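Novice: For reference, the structure I am asking about is given below.
The values are calculated or read from the model by the stated rules, or taken from the named source; none is laboratory data. Everything numeric here is computed off the predicted structure, so don't read it as measured data. Cβ: placed from backbone, ideal geometry, glycine included. Neighbour counts: every protein chain shown.
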Amino acid sequence: MKKVITYGTYDLFHYGHQRLLERAKALGDYLIVGVTADDFDKARGKINVEQSLIERIEAVKKTGIADEIIVEEYEGQKIDDIQRYGVDIFAIGSDWKGKFDYLGEYCQVVYLDRTQGVSSTELRTQRNKIRLGLYGKYPAIYKYANESAFVNGLDVTSALVDDIDRFKLNYPSVELITNSYEELLDNVDAVYLVTHPSQHYEQIKLALEKNKHVLCESPIVLSANQFDELSELAKARGLILMEAIKTAYSMAYNRLILLLKGGKIGRVVSVDAICTSLADMQNTDTSELSNKWNSICAWGPTALLPVFQLLGTNYKSKIITSTFADKEETFDLFTKIAFVYEHAIASIKVGKGVKSEGELIISGTEGYVYVPAPWWKMDYFEIRREDPTQNKRYFYQLDGEGIRYELVSFLKAIQDGRKNLSYVSDSVSKAFVEIINDFNIKKDLISI
């Protein structure tokens, strides 16, 4: 019996997929179809996959063409599968021509012509076409403009930026570059905001009133009442209001949270996160501080993310300790917040005028997690035990600092009308706002 194996994502299964499977089956007597797992797809840069692994397997199964279906989960698995299943022919679409010649050492390699005029990418693009506007300053705007190119169906068509000439030079395809926020909103379906937090409330409200979806940098607003008002407005109009906190969308961070919630280090009893930077403070006049993000706004939500996602938002008490750069005590150079929970403790340190080691340490009853600096750009973490021979390291690919995955989630949320596709829940977003509001009104705050 001659065995044939082929692989694919098979997202939004279409006629082209079926024809390819039929051609592969015609090469032998028994066809094995490998369907790529979600994580493996992301590692290969296929981030716009719309259907779950189960849905994609079912689509292949319904054709009745495959004799056996397996899941592709890791790099190098093709060789393992060929040897394990005694495969005679490896078949793949001709758009991969030459890519898998190395498998010729193990079996015959055949590149099959693809059906012209149909692809999952084209189907996704047609289905999801969203015009995105960008409003804010370098470098965040440029990162989002770059990463949007990896998201099928999300087109940056308008921008309001601080350096118009440089933006025009780098992104000539953007149709509208304007100085008017209202004009930008009138020409888009959704907007990404990276403006000063004090401006967010009015900007988000105007966008929602014009029926535009909003992706906004943390903190979304500066008071819980504002957060509730905007959330209700978005819900009433069937719009997506999502927090842009890219760390939440990195593959390593996601896997870490899932492992710990599954009891990988026992019960979590302590979370300590540090986020600091000095770049924005170089040669800054104190009179300009009111126009800049202070430490608690710039870094607070990121540092608080693992605390609230692992321990929850119902802490018993907190103490905020800050050192300030101005007499009005609005711009904190460095802030520490210590939390007490019923059965755990946590602390964060954030700073734009003080530098520290940006590490994340999570302690549990059966071990602890160490993530080196800068942990918010996590591509590696280590679970450490009392017996060091039981330590384990986890490595994940980090593409675009998590921004492209965040944009995919935003796009899917718009398409499906489901806010819960965000990796940051409303309760966590609101907790960020409440902490920053307490800082602003000097509640539980000690100035040093």
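Novice: Any residue at all in segment 201-213 that's touching a residue at least 12 places away in the same chain (Cβ under 8 Å), more than 29 Å from residue 431 (Cβ to Cβ) and outside any helix (DSSP H, G or I)? Please lay out each step first, then the result.
Specialist: Going residue by residue through segment 201-213, those that are touching a residue at least 12 places away in the same chain (Cβ under 8 Å) are 201, 203-213.
Still in the list and also more than 29 Å from residue 431 (Cβ to Cβ): none.
Taking every residue of segment 201-213 in turn, none turns out to be touching a residue at least 12 places away in the same chain (Cβ under 8 Å), more than 29 Å from residue 431 (Cβ to Cβ) and outside any helix (DSSP H, G or I).
Novice: Can you say whether residue 393 is basic (Lys, Arg), more than 17 Å from residue 242 (Cβ to Cβ) and without any contact (Cβ under 8 Å) to a residue 24 or more places away in the chain, as far as the supplied structure shows?
Specialist: Working: basic (Lys, Arg): yes; more than 17 Å from residue 242 (Cβ to Cβ): yes; without any contact (Cβ under 8 Å) to a residue 24 or more places away in the chain: yes.
The answer is yes for residue 393.
Novice: Assuming residue 417 fulfils every condition listed in (1) surrounded by fewer than 16 Cβ atoms within 10 Å (Cβ to Cβ); (2) in contact (Cβ under 8 Å) with a residue 24 or more places away in the chain; (3) closer than 18 Å to residue 379 by Cβ apart from one, which condition is it?
Specialist: Here residue 417 meets the rest and fails (3).
Novice: Across segment 205-246, what is the total count of residues that are in contact with a Phe, Trp or Tyr (Cβ under 9 Å, 6 or more places away or on another chain), more than 24 Å from residue 415 (Cβ to Cβ) and polar (S, T, N, Q)?
Specialist: Residues in segment 205-246 being in contact with a Phe, Trp or Tyr (Cβ under 9 Å, 6 or more places away or on another chain), more than 24 Å from residue 415 (Cβ to Cβ) and polar (S, T, N, Q): 2 in total.
Novice: With the condition being over 22 Å from the mean Cα position of the chain (by Cα) and of a type in the set (A, V, I, L, M), I'd like the strands (runs of 3 or more DSSP E) fully within segment 369-448 carrying at least 3 qualifying residues.
Specialist: Details: elements: 380-384, 392-395, 445-447.
Where strands (runs of 3 or more DSSP E) fall fully within segment 369-448, none carries at least 3 residues being over 22 Å from the mean Cα position of the chain (by Cα) and of a type in the set (A, V, I, L, M).
Novice: Please find, among 230, 222, the residue that is under 19 Å from residue 303 (Cβ atoms), over 21 Å from the mean Cα position of the chain (by Cα) and in the same structural domain as residue 139 (by TED's automatic domain parsing). Walk me through it before giving the result.
Specialist: Values: 230 fails: under 19 Å from residue 303 (Cβ atoms).
Testing whether each residue is under 19 Å from residue 303 (Cβ atoms), over 21 Å from the mean Cα position of the chain (by Cα) and in the same structural domain as residue 139 (by TED's automatic domain parsing) leaves just 222.
Novice: Could you go through segment 291-300 and let me know if any residue there is more than 29 Å from the chain's Cα centre (by Cα) and surrounded by fewer than 18 Cβ atoms within 10 Å (Cβ to Cβ). Write out each step before concluding.
Specialist: Residues of segment 291-300 more than 29 Å from the chain's Cα centre (by Cα): none.
For segment 291-300, residues more than 29 Å from the chain's Cα centre (by Cα) and surrounded by fewer than 18 Cβ atoms within 10 Å (Cβ to Cβ): absent.
Novice: Consider only pairs whose beta carbons are under 6 Å apart and that are at least six residues apart or on different chains; among these, list those whose first residue lies in segment 159-176 and is in the same structural domain as residue 142 (by TED's automatic domain parsing) and whose second residue is polar (S, T, N, Q) and outside any loop (DSSP other than H, G, I, E, B).
Specialist: Partner pairs satisfying both residue conditions: 175/157; 176/158.
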